[in-house]
Amino acid sequence: MKEYKFKINGNAYKVAVENVEDGVATVTLNGTTYKVELEEEITGPKPVKPVAVSPATYQATPQAAPAKVATPAPAAGNETQLRSPLPGTVLELRVSEGDQVNEGQTLMILEAMKMENNIDANKSGVIKKIMKRQGDSVMEGDVLFIIG
């Protein structure tokens, strides 16, 4: 069964396609079931019937993924490049070029997978250059700031 959520003219609809056979689909729309005649046959793999699986005999222990840390790359003179630890979109800049910052201070908010991530200064110094602006897309490893 495939489930979909649609929004039509501001109204939300929950649609489940339960079965398609001989050009007729069984569709449940917001809890009401309908038989829908298709104008053309749906192509693609046929649904597979579920298989019973015995319970697992092992015990899994969840562990947190290791946190990625922005690593400085060499820059000219006493400057450090602050690179993005993950891909995302710049939501907010909290500093301007010329600002004095302290190590650990949040410089930017980066949205990645619908989560807001703080991008913190990797050293104390002055913001020499801001490489990305609000709304910019960022790839992992892109230079975000040059701190001197």
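Bear in mind that the values in this text are calculations on the coordinates, not laboratory data. All of these numbers come straight from a predicted model, not from anything done at the bench. In this analysis, Cβ positions are derived from the backbone assuming ideal geometry, glycine residues included, and neighbour counts consider all displayed protein chains.
Key figures for this structure:
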| item | result |
| --- | --- |
| Amide H contacts of residue 136 (H built 1.01 Å from N, under 5 Å, at least 5 apart or other chain) | 90 |
| Filter on 7/114; 5/129; 2/132 - keep pairs with C-alpha separation over 32 Å | 5/129; 2/132 |
| Neighbour net charge for residue 3 - beta-carbon separation under 12 angstrom, K R +1, D E -1 | +2 |
| At R0 = 30 Å, FRET efficiency that the Cβ-Cβ distance of residue 25 and residue 134 yields, to 0.05 | 0.10 |
| Cut-off 15 Å, label 7 Å out along Cα→Cβ of residue 91, residues of the stretch 105-125 by amide N | 106-120 |
| Computed FRET value (nearest 0.05) for residue 18 with residue 113, which takes r as the C-beta separation and R₀ as 30 Å | 0.45 |
| Stretch gain in nm, segment residue 102-residue 39, where the contour uses 0.36 nm per residue and the Cα spacing is subtracted | 16.2 nm |
| Built amide H within the under 5 Å cut-off of residue 123, gap 5+ | 104 |
